[in-house]
Structure formats: C-alpha cells, structure tokens
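Okay, structure first, notes after.
The values are calculated or read from the model by the stated rules, or taken from the named source; none is laboratory data. The shown structure was predicted, so the numbers you read here are calculated from the model rather than taken from an experiment. So basically every Cβ, Gly included, is an ideal-geometry build from the backbone, and we count neighbours across all protein chains shown. Surface areas here come from the heavy atoms of the whole protein model, side chains and all, with no ligands, DNA or RNA. Shrake-Rupley method; radii C 1.70, N 1.55, O 1.52, S 1.80 Å.
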Amino acid sequence: MTGFILAYGDHRIPYQVSYDDARKSRVAIHVNPDGSVAVDAPNGFSDQSIKQAVQKRARWVVGHVSEARERYAHVRPREYVSGEQVLYLGRRYVLKVIPVDTKPSPTRLRGNRLEVETTNGTEDDIKGRLRAWYRVRGRDYLSRRIDALAESLPWVDAPPPFRLLEMSRQWGSCSPSGEIIINPHLVKAPRQCIDYVLIHELAHLKHHDHGAAFWKLIDAHAGDWRQTKKQLDRLAEVLLAD
C-alpha cells in the first residue's frame, strides 16, 4: 500500500492506495465507516494519475469523510456493565452481568437479555466473553447464510471458504484465491445488511473489481442494496464500537 494526502480547502485527508491486477482503467475511491479513505488503482498507474483522479472527486470525499466523523463523534465507550444495550442481528438486547463463584456458564441469550457470567467482574473478562460469544454466533450464522446464498446465486458453484477477521475499516473482503473474509461485528447488523455484504463479497468471485459489470450483478441480486448500504453506514459507528 502507498499513502497520499488529499488537500482540499482547509482539509488534509490521508488515503491509502492499493493496486489491483483486475482493475484496468479507473481508480475506485472508498470512504470507510470510520472516515478513512482507501483507493484501488490499476497496476502501472503513476502516482500523479492517482492523485489527479482523487483530486477530481475531492468535494465528494471531504463530504463523506465529514459525515462519517460526525457519526463517530457521539459514540460513547462501552463500559461492559449490566443495563447496557448490545446488538445481535439488528435487535437490541440488555446486557446482564452475573457474578459467580464457580466456573462461568457460556454466555447466552435469554428473552431480551444477553447474560454474561464472570468470576472477577473485570471489564476485560466481560469484554472477552462477549467477543467470544459474537464470534461463535457470527461463525454459525454467517456460514449458514453463505451456504444459502451460494445455492441461489447462479455464478457460485459451491460455498467458498470463509473466515472471520476483525477489521476497523471493512465489513468484508474476497481474497484473490476466493476466500470470503467477514468482520465478526457484522453479526450485530440487521439481517438484510448482512446479506448485502455477503452478496457483495460473493460477487467478487465473478468480478474482483468494482467495475460496471460488478455493480450490474449487485443490482440484479441484492434488491434495494443502496438503501440497505445507507442503513449499514448509519449504524457503522455503533456496530463497530467495542
């Protein structure tokens, strides 16, 4: 990756450039949910060509970065105490911390509560148990959805391998070898948002860039994905908050 700075008025916005063999003629600019900026460029593009392409869209970049930063500004740090709200598949649950003297039982959903048992009551212990629960639930739910979508999408011959990886800037990615990588925080999002991300990554099995053919495929198989993406972007700062 290569780093550059976009200058626009009083704004100085850093962005990282990745080079993609599959991309032929244009750069693609992405403003991530946390306000960071990533640019995909064809191999062989000069630094000057990339800078000019980004500069042409400077107003768009600054606007989206400002929106993302405003969304993050009001997010309160999680304290991992009883009464806090936690999310799972778009639904809100109340965190219930239960001190115990014996070996803690597995974290579990019970009605509208997510119950976490702890022997020492420290933030690190509760946080670790909650994160482990999300990973297990995320692995199981996402695996089922990938299998179901693979059956319905005509270009997917078989469910691809997938794994979970915490990422600060992305919901998912598709490796050149065809492995789907998903951010475990995604399991907090509404189901339609999860399906959009999975279809997006599965579409990369056919088109590894974000060209016109890729978005045509998304249009055909992801329904009202633009509205769903807006919903996911609005929720990003809450879903990614630790």
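Rg and Dmax of the chain, Cα atoms, in Å?
When restricted to Cα atoms, the chain yields Rg and Dmax of 20.0, 63 Å.
Return the whole-Å distance between the Cα centroid of segment 193-233 and the Cα centroid of segment 143-160.
Centre-to-centre (Cα) distance: 14 Å.
Indicate the gyration tensor shape class of segment 75-122 (rounded, prolate or oblate), computed on the Cα atoms with a ≥ b ≥ c the square roots of the eigenvalues: a/c under 1.5 is rounded; otherwise a/b larger than b/c is prolate and the rest oblate.
oblate
Counting only protein chains, not ligands or nucleic acids, how are 147, 125 ordered by accessible area (probe 1.4 Å), most first?
On the way: 147 70, 125 35 Å².
These residues rank, largest area first, as 147, 125.
Amide H to amide H under 5 Å from residue 23: which residues, 5+ apart in sequence or cross-chain, H placed 1.01 Å off N in plane?
The list, which skips near neighbours in sequence, is 43.
What do you get for the angle between helix 191-203 and the principal long axis of the chain? Use alpha-carbon atoms, 0 to 90 degrees, nearest ten.
Tilt relative to the chain: about 40 degrees.
Residue 123 versus residue 92, label points 7 Å from Cα toward the beta carbon: distance in nm?
A separation of 2.2 nm, rounded to one decimal place.
At a Förster radius of 25 Å, what calculated FRET efficiency corresponds to the Cβ-Cβ distance of residue 8 and residue 47, to the nearest 0.05? Walk me through the intermediate numbers first.
Numbers: r = 18 Å, r/R0 = 0.72.
So the FRET efficiency works out to roughly 0.90.
Under 29 Å between C-alpha atoms is the cut-off here; go through segment 84-240 and count lysine pairs that meet it, provided they're at least eight residues apart or on different chains.
16
Give me D for segment 181-242 in µm² s⁻¹, whole number, from Stokes-Einstein with Rh from the Kirkwood sum over alpha-carbon pairs, 4 °C and 1.567 mPa s.
106
Principal axis lengths of segment 102-158 from Cα atoms, whole Å, largest first?
Computed over the Cα atoms, the extents are 51, 23, 17 Å.
Mind ranking 84, 115 by accessible surface for me, highest first, 1.4 Å probe?
84, 115
If I take R0 = 22 Å and measure r between the Cβ atoms of residue 55 and residue 155 in this structure, what FRET efficiency does the formula 1/(1 + (r/R0)^6) give, to the nearest 0.05?
0.05
Please list 3J(HN,Hα) in residue order for segment 158-163, calculated via the Karplus relation 6.51 cos²θ - 1.76 cosθ + 1.60 where θ = phi - 60°; whole Hz, with x for glycine and proline.
Per-residue couplings from phi come out as 7, x, x, x, 9, 8 Hz.
I need the Debye-formula profile for segment 135-242: one equal scatterer per C-alpha, no solvent, reported as log10 I(q)/I(0) at q = 0.13, 0.19, 0.24 1/Å, two decimals.
-0.43, -0.97, -1.56
So, for the chain, what is the accessible surface per residue at a probe of 1.4 Å, expressed in square angstrom?
Result: 54 Å² per residue.
For residue 131 paired with residue 147, estimate the spin-label separation in nm (one decimal), with each label point 7 Å from Cα along the Cα-to-Cβ line.
About 2.8 nm separates the two model spin labels.
Just from its helices, what would the mean residue ellipticity at 222 nm be for the chain, if runs of 4 or more DSSP H residues each count -39500 (n - 2.57) and the sum is divided by every residue, rounded to the nearest 500 deg cm²/dmol?
Using -39500 (n - 2.57) per qualifying helix, the result is -13000 deg cm²/dmol.
Given Cα pairs under 8 Å that are at least 6 residues apart, what percent is the relative contact order of the chain?
It comes to 15 percent, rounded to a whole number.
Quick one: which residues, 5+ away or cross-chain, put their amide H under 5 Å from the amide H of residue 113? H built at 1.01 Å from N.
94
With only alpha-carbon atoms in the gyration tensor, what are the semi-axes of the equivalent ellipsoid for segment 4-73, in Å, largest first?
So the equivalent ellipsoid measures 22, 13, 9 Å along its semi-axes.
Quick one: ranking 80, 19 by accessible area, 1.4 Å probe, largest first, what do you get? Intermediate values should be presented prior to the final figure.
Details: 80 15, 19 85 Å².
Final ranking, largest accessible area leading: 19, 80.
Heavy atoms only, probe 1.4 Å: what % of the accessible area of the chain goes to carbon and sulfur, would you let me know?
Carbon plus sulfur share of accessible area: 48 percent.
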